[in-house]
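For reference, the structure is listed below as structure tokens.
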Amino acid sequence: MTENILVISGSTRAGSNTTLLVEHLFGKDVNHIELCKSHIAQYDYDDNYAVEDGFQNIVNQMLLSDLIILATPVYWYTMSGYTKVFLDRWTDLVTTCKDKGRALKGKRLAVIAQSTSEAMPQGFELPIKLTAEYMDMKYVGEVFWDMRRDLDQSQKLQLAINQWTNG
Ligand SMILES: Cc1cc2nc3c(=O)[nH]c(=O)nc-3n(C[C@H](O)[C@H](O)[C@H](O)COP(=O)(O)O)c2cc1C
């Protein structure tokens with residue numbers, strides 16, 4: 001894989017199952033941000049964020065990437081709270097930071113979800129797919145893994161991910 005891949009994961013804990021899966025699929029050298037370490041505030045209508053807020057730093061890394069992957073556990077049938085707060089902050093990219101939002105145009109966006117169920121909840125990927133469309137990004141797909149299974153059986157995921165990395 002020669003292109004720039006950024007994985008942004010949304011578990012509430014470091015060293016999570018999500019991170020385990022990401023590292024199994026991409027190795028430890030992939031550019032991987034764990035949102036629980038990034039101090040991202042809830043969206044603020046008044047654009048009043050602390051200087052240490054981590055959102056812009058992640059956006060700057062997104063702008064340097066060709067493929068952006070949101071990796072999230074399934075929490076109550078949907079994406080994790082960290083992932084949702086992160087997506088809510090994309091509102092900044094269509095209001096106060098429009099230039100950065102426009103610069104995401106054409107970048108590829110994908111989803112990795114995992115839980116301890118057999119399948120991804122119906123419609124799970126839809127909010128992210130629609131967000132990609134709204135941002136003029138290219139949504140390239142989603143994969144799901146049941147963490148009760150042995151990760152060594154996850155070759156099918158790898159094949160799907162290879163398709164994303166080939167554009
Ligand atoms: C708050 C919370 C909600 C959860 N909701 C679901 C759910 O709706 N469906 C499911 O299959 N598993 C659910 N689980 C189980 C997690 O998806 C599973 O344990 C996952 O591997 C945790 O990933 P993490 O370590 O990256 O956070 C939930 C776990 C938590 C902590």
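Evaluate the range 91-104: report whether one residue or more is within 11 Å of the chain's Cα centre (by Cα), over 19 Å from VAL140 (Cα atoms) and part of a helix (DSSP H, G or I).
Start the filter on the range 91-104 by keeping residues that are within 11 Å of the chain's Cα centre (by Cα), which leaves none.
Checked the range 91-104: no residue is within 11 Å of the chain's Cα centre (by Cα), over 19 Å from VAL140 (Cα atoms) and part of a helix (DSSP H, G or I).
In the set (1) in a loop (DSSP other than H, G, I, E, B); (2) away from the ligand (no atom under 14 Å from the Cβ); (3) closer than 23 Å to LEU20 by Cβ, ASN48 fails one condition alone, (3).
The C-beta contact set for the range 25-49 (first residue over 15 Å from ILE69 (Cβ atoms), second residue modelled with pLDDT under 95 and part of a loop (DSSP other than H, G, I, E, B), distance under 7 angstrom, 6+ apart or interchain) comprises CYS36/ALA14; LYS37/ALA14.
Among the listed residues THR72, THR78, THR12, identify the single one that is surrounded by 19 or more Cβ atoms within 10 Å (Cβ to Cβ), closer than 21 Å to THR116 by Cα and either touching a Leu at 6+ places or on another chain (Cβ under 9 Å) or not acidic (Asp, Glu) (or both).
Values: THR78 fails: surrounded by 19 or more Cβ atoms within 10 Å (Cβ to Cβ); THR12 fails: surrounded by 19 or more Cβ atoms within 10 Å (Cβ to Cβ).
Going through THR72, THR78, THR12 in turn, the sole match is THR72.
The residue of the range 5-44 that is nearest to the ligand (Cβ to nearest atom), among those that are out of contact with any helix residue (DSSP H, G or I) (no Cβ under 8 Å at 6 or more places or on another chain) and closer than 16 Å to LYS84 by Cα, is THR18.
Checked against (1) farther than 27 Å from LYS156 by Cβ; (2) touching a Ser or Thr at 6+ places or on another chain (Cβ under 9 Å); (3) not in a helix (DSSP H, G or I), SER11 meets all criteria but (1). Of note, VAL59 satisfies the criterion of being farther than 22 Å from PHE144 by Cα and within 16 Å of the chain's Cα centre (by Cα). Scanning the range 106-123 for residues that are touching a Ser or Thr at 6+ places or on another chain (Cβ under 9 Å), outside any loop (DSSP other than H, G, I, E, B) and within 9 Å of the ligand (Cβ to nearest atom) gives ALA113, GLN114.
The values are calculated or read from the model by the stated rules, or taken from the named source; none is laboratory data. Computed from a predicted model, the values in this text were never measured in an experiment. Note that we place each Cβ from the backbone using ideal geometry, even for glycine, and neighbour counts take in every protein chain shown.
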